Amino acid sequence: MKNQQFQIRNSRLKRYGAWCELVIVSWALSLHAEKIDLQVYASKFDSIPIAVLDFRALNAAVLTQDDPGQIIADDLEFCGRFHVVRMPKPDPARFAANNIGIFIDGEYAVTGEKVVLDCFVHDAVTGEEVAGKKYSGEKKFVRGMAHRYANFLLDMLFGERGPFESRIVFVEDRGSQKNLVVMDYDGYNQKKITSSGVNIFPAFIDSTTIVWTSFFRGKPDLYKGSIVTGTYDIFIFSRFVQASPAVSPLGDRIAYSSSVGGNLDIYICDLDGGNKRQITFHRAIDTSPCWSPTGYQIAFTSDRSGQPQIYVMDADGANVKRVTSVGKYQDSPAWSPRGDKIAYASMQNGKFDIWTVNPDGTGAAMVTSMPGNNEYPAWSPDGSHIAFSCSQRGVSDIYAVRPDGSGLRRITKSGNAKMPNWSPF
Amino acid sequence: MSPIVRVCTVAALASALMVGGCRKKQPALEDMAKPVPKPDTSFTAPRPFEADTSDNASFREAELDAELMRQVRENLRTVYFEFNSYSLSETSIDQLRTAANFLMRHSTMRVLVEGHCDERGSSEYNMGLGENRARAVKNYLVNYGIPSVQIETTSWGKERPAMSGCVDESCHSQNRRAEFKVLAK
């Protein structure tokens, strides 16, 4: 798709059956031969210079909190492939000074609880409209509309899916109460999923369903619930421990750790909880399973060497190989969606930091170095970022960073957030 | 019976005994606490036991009267562990002997052993460590002669510390523990 010429059909009406039930009317002007080809244009830059103008309010109601222009600018800035310049209106001198070839603008009309939002890409040289989209829906979904347009831009420029409509679930830690909260990837629209007890190890099954460990029955079992309706039910349970669920990227199986067989070992079951089978049979602690993007392999933590270390095995338990060697205490492996790295938390000198390593055990590299514990890595669905929790002086928040350590961004500000898990697209 | 038949019968019996003797393999964790079960002549088999030991069982603490509560506190005392270890110390073994004798006297009592960890380390791994601590306690008691059905185990990992926000070892050490909860009198 990346090398194909970008085309948009006229007057295409699409309904996206998405979480927030936005009704989107997607339309665009047909491309003429002389118009700018966005993918060819994008391929000329490592970091695309782009201007995002202020969006115009068509009637009296102005969106200050959720200004679509600001949301789109933040999204593009976050993904690290743009040099974003904000300006109130087209300014040819600043376009030239910043080498800007395209700019984004738009307008919106707020009527009661409804919003209609128009977003456009323009050729900065000719001023011509290259592609536009119109969104309409409830006012509370305006952030979702802006995120969707940012995703549309990424698709148009690179032929890739963007992470801007993804969500992050995390644990809000209030000591004896640990509850699950879900939010947009940028920290907005926080919504509590559980309201009591100790709830940990959240993992997305799909973009609207999660599985996690809860102590509702006085012991750890797995529960499954919807982040849309907030309803949940017990899922995998026994008299023993069930912990650390991880959903295969193909969405067909769940790996978890359980002490049914005597101590913690890795188990796998189907998505409905059936067909449970034990994968590791070691007398050491085996836990924290995570899947390779193909679903053929599982990385996990084991203390069979005497200290917790990261191992990789086939999804049937064969071919166990140790991956980590630097450091005495490693846990929380997370396999990148691109397959090339395993992120994990490594404790050295009494503090955790996020590291990455190639699945064959080479190329271990430290990603974070902020003070406090940096732990529980979770990849964004496009593999561009790692979310993690960072604690300083007893205050823990969710951050995101690129795998090379750049682009560090704090996502939560409450000071009691940990254990993030990032939704699929 | 001919001598050959007699030899064959003895051989068959002997091999049957050997196979029978080998089949009962010890679970991996059992050899770790190495208690020497004391022959206890006062022991009598517990009465038939009515408890939900299925997978559907929730672990909820039973309500105890003040006197029983006092006895439980005195006899089923919290056991503490070294960092990243689930070995029972000499002190712990003394405490567990008291606990075992108490449980023998209360043969209908059903208890839960909860394993806990200090707040260092990862949540996932500590779930496993807490489980091993609880099972180390249970294994000692079972080897001592307490019926396995009388003791449930679970792990809270590092999710329910006795002391939170620890910075020094004296504080951390209070979190590395196995606690008893009474599920049924």
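Values computed for the structure shown
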{"item": "In nm, spacing of pseudo-spin labels at A:Arg56 and A:His83 (7 Å Cα→C-beta vector)", "result": "2.9 nm"}
{"item": "Beta bridge orientation in the protein assembly as shown: antiparallel %, DSSP, nearest 5", "result": "85 percent"}
{"item": "Sites A:Phe45 and A:Ile234 - FRET efficiency at Förster radius 56 Å, r taken between beta-carbons, to 0.05", "result": "0.65"}
{"item": "Burial ordering of A:Ser258, A:Ser226, fewest other beta-carbon atoms within 10 Å first", "result": "A:Ser226, A:Ser258"}
{"item": "The stretch A:407-425 residues near the modelled A:Lys140 label - backbone nitrogen below 11 Å, point 7 Å along Cα→Cβ", "result": "none"}
{"item": "Cα centroid separation - the stretch B:106-185 against the stretch A:282-309, whole Å", "result": "23 Å"}
{"item": "Distance in nm between pseudo-label sites at A:Ser176 and A:Ser196 (7 Å out along the Cβ direction from Cα)", "result": "1.2 nm"}
{"item": "Relative counts (whole %) of C-alpha pair distances in the protein assembly as shown, using bins that are 20 Å wide", "result": "18, 43, 26, 10, 2, 0"}
{"item": "Backbone N under 18 Å from the A:Asp404 label point (7 Å along Cα→Cβ), restricted to the stretch A:378-394", "result": "A:380, A:382-387"}
{"item": "Cα gyration tensor shape for the stretch A:378-425, rounded if a/c is under 1.5, else prolate or oblate", "result": "oblate"}
{"item": "Within the stretch B:171-185: backbone nitrogen closer than 16 Å to the B:Asp65 label point (7 Å, Cα to C-beta)", "result": "B:185"}
{"item": "For A:Asp286, residues with placed amide H under 5 Å, excluding near neighbours", "result": "A:Leu264, A:Asp265"}
{"item": "Global form of the stretch A:330-425, assessed from the alpha-carbon gyration tensor, a/c cut-off 1.5", "result": "oblate"}
{"item": "A:Tyr41, A:Tyr108, A:Tyr311 arranged by Cβ crowding within 10 Å, fewest neighbours leading", "result": "A:Tyr41, A:Tyr311, A:Tyr108"}
{"item": "Options A:Val181, A:Ala203, A:Ser257, ranked by Cα towards positive dipole end of the stretch A:172-293, top entry (Cβ charges)", "result": "A:Ser257"}
{"item": "Cross-link pairs A:Lys219/B:Lys185; A:Lys89/A:Lys140; A:Lys321/A:Lys341; A:Lys219/B:Lys138; A:Lys44/A:Lys89 - those with Cα-Cα distance over 23 Å", "result": "A:Lys89/A:Lys140; A:Lys44/A:Lys89"}
{"item": "Rounded to the nearest 20 debye, dipole of the stretch A:193-307 from Cβ charges on Lys, Arg, Asp, Glu", "result": "300 debye"}
{"item": "Radius 13 Å from Cβ of A:Asp360, net charge of other residues (Lys, Arg +1; Asp, Glu -1)", "result": "+2"}
{"item": "The stretch B:62-185: antiparallel DSSP beta bridges as a percent of all, rounded to 5", "result": "55 percent"}
{"item": "B:Val79, A:Val401, B:Val167, A:Val260 arranged by Cβ crowding within 10 Å, fewest neighbours leading", "result": "B:Val167, A:Val260, A:Val401, B:Val79"}
{"item": "Flagged links, alpha-carbon separation over 20 Å, of A:Lys418/B:Lys158; A:Lys224/A:Lys413; A:Lys192/A:Lys224", "result": "A:Lys224/A:Lys413"}
{"item": "Crossing angle, helix A:142-158 versus chain A [Cα axis fit, 0-90 degrees, rounded to tens]", "result": "90 degrees"}
{"item": "Helix A:68-79 vs. chain A, principal-axis angle (Cα, 0 to 90°, nearest 10)", "result": "50 degrees"}
{"item": "For the protein assembly as shown, with +1 on Lys and Arg beta carbons and -1 on Asp and Glu, the positive-most of A:Phe164, A:Ser384, B:Thr154 along the dipole", "result": "B:Thr154"}
{"item": "Length released on extending from B:Ser173 to B:Ser85, taking residue separation times 0.36 nm less the Cα-Cα span", "result": "30.5 nm"}
{"item": "Dipole of chain A, positive end: most advanced residue of A:Gln297, A:Pro49, A:Ile268 [Cβ charges, Cα centre]", "result": "A:Ile268"}
{"item": "Net charge dipole size for the protein assembly as shown [Lys, Arg +1 and Asp, Glu -1 on Cβ; Debye, nearest 20]", "result": "1320 debye"}
{"item": "Net dipole in debye of the stretch B:62-185 [+1 Lys, Arg Cβ; -1 Asp, Glu Cβ; about Cα centre; nearest 20]", "result": "380 debye"}
{"item": "Cα gyration tensor shape of the stretch A:54-112, rounded if a/c is under 1.5, else prolate or oblate by comparing a/b with b/c", "result": "oblate"}
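FYI, it's all coordinate maths here, none of it is from the lab. As the structure is a prediction and not an experimental result, all values here were calculated from the model. When we count neighbours, we look across all protein chains shown, and the Cβ atoms used for this are built from the backbone with ideal geometry, even at glycine.
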